[in-house]
Amino acid sequence: MPAGSRTVPGAPAGTLRHVLGHLLTPLLMCVGMGLAYLGAFHAPQPHDLRVDVVGSGPSARMLAQSLQDKADGALNTRTVADRSTAVEHLRTQKSYGAYLPGAAPELLVATASSDTSATVVEKVFTGVAAEQGAPLKVVNVAPTADGDPTGQGVFFLLVAISIGSYASVAVIGGAGGALPLRVRAALVAGASLVVSLIGAVFAGPLFGLVDHGLAGLWALAWLYSAGILLIGVGLHTFLKRWTTLGVMVLFVMLNFTSSGGIFRPELQPGFFGSLHAFWNGAGFVEGVRSHVYFDGYAFGGHVLVLVLWFLVGLAVLGLAGLAEARRRAEPSGGGDVVRETASRSSGGKPRPYGGELEEELEEAVGV
């Protein structure tokens, strides 16, 4: 044995326990991601998807009823009097397709609302036109920007902003009692500002996901990012090393799958469709769509969703501050400001805050 070296009794067993304990988090992430993503995306099927048939005569009503009966709950087919009404429904997201029967049939869609929903509607009415022996003309009344031809760029922007936000939680929240609450709150404000500005650069000058309304998109991105950071940093006081898993459940597993960025609720299982009404990712995606493509229709409701998540974040951070103050007031065994955790990899020696932060950063994985 080299001079000056020594063995640490029980170190291998301690290291093994340490590794096994930390393996639980990625295994739970694996299970959660599989259940969430596959449950939401693996077999999209339309249900109650609203489409219009343009016309007020008996033939239009018969066609609408025939489609309703054949769809067996997949479509919600109604008649509208004229083309302008059909276009208004598409531009207010009251329908996702409008069929104009006749010798030269037309289908009106709005891909800015959802490219996948428009594709489903086009497939249905291509078959209807084929039965009538006529080619179908498809008209897009609300197209997306040239830099986002599928309309899904906003969803991937959501992913980028979310990862920047919840990864920042590991850094700021990991400081715990080592930083005063007001300092952590200031860091939350700064981090959310930077993340939202990065998102705006991605959406505008870098990739051209939107061709106007960039300032409004940035404001939505900041509100969304700040809500995640406030909730995550506040939860860290209570969840500690389980915070990464907690924020991934809230802001990845349930968030991305219910955002409507890939499939709208009408193409998803009911659980994820119901979350779309009030989850923050849906508030961001639908808020951007409303602001950029639909002249602000229902914009206030989407902003309200983000504001409520922001307020929840403030409340969680406030509760964290109260809990920390109560802990400081309790008699302690003389612990100092630097938090220590057991370091199995160093033979059971105490490890300062930095080591715990490294572990949380390693667990804050992207998707």
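Each peptide among 106-118, 185-197 gets the average number of other Cβ atoms lying within 10 Å of its residues, and from highest to lowest they stand as 106-118, 185-197.
When each of the peptides 129-136, 225-232, 271-278 is scored by how many other beta carbons lie within 10 Å of its residues on average, the order from highest to lowest is 225-232, 271-278, 129-136. In region 171-313, the portion of solvent-accessible area held by carbon and sulfur atoms comes to 79 percent [1.4 Å probe, whole percent, DNA, RNA and ligands not counted]. Taking N as the residue count of region 108-240, its C-alpha radius of gyration divided by 2.2 N^0.38 Å amounts to 1.48.
Expressed to the nearest 5 percent, the antiparallel share of DSSP beta bridges inside the chain is 35 percent. Contact order for the chain, expressed relative to its length and based on alpha carbon pairs under 8 Å spaced 6+ residues apart, stands at 19 percent. When the chain is modelled as a GNM with alpha-carbon springs shorter than 10 Å, which of 205, 331, 58 fluctuates the most? Of the options given, 331 has the highest mean-square fluctuation. Compared with the direct C-alpha span, the chain from residue 42 to residue 61 gains 3.4 nm at full extension, assuming 0.36 nm per residue. Each Lys and Arg contributes +1 and each Asp and Glu -1, all at the Cβ; summed about the Cα centre of region 25-105, the dipole is approximately 120 debye.
Every pair of different Cα atoms in region 235-299 enters the Kirkwood calculation, which places the hydrodynamic radius at 12.8 Å.
Shape class of region 132-198 from the Cα gyration tensor (axes a ≥ b ≥ c, square roots of the eigenvalues): prolate, since a/c reaches 1.5 or more and a/b is larger than b/c. By the Kirkwood approach, averaging reciprocal distances over each pair of separate Cα atoms, region 57-163 gets a hydrodynamic radius of 14.9 Å. In the chain, the longest principal axis of the Cα atoms and the axis of helix 280-293 are about 40 degrees apart.
Note on the chain: Cα-Cα pairs beyond 39 Å make up 31% of the total pair count.
The values are calculated or read from the model by the stated rules, or taken from the named source; none is laboratory data. All values derive from a computational prediction rather than experimental measurement. FYI the Cβ positions are ideal-geometry reconstructions off the backbone, even for glycines, and counts take in every protein chain you see. With ligands, DNA and RNA removed, areas are computed over all heavy atoms of the protein, side chains included. Shrake-Rupley method; radii C 1.70, N 1.55, O 1.52, S 1.80 Å.
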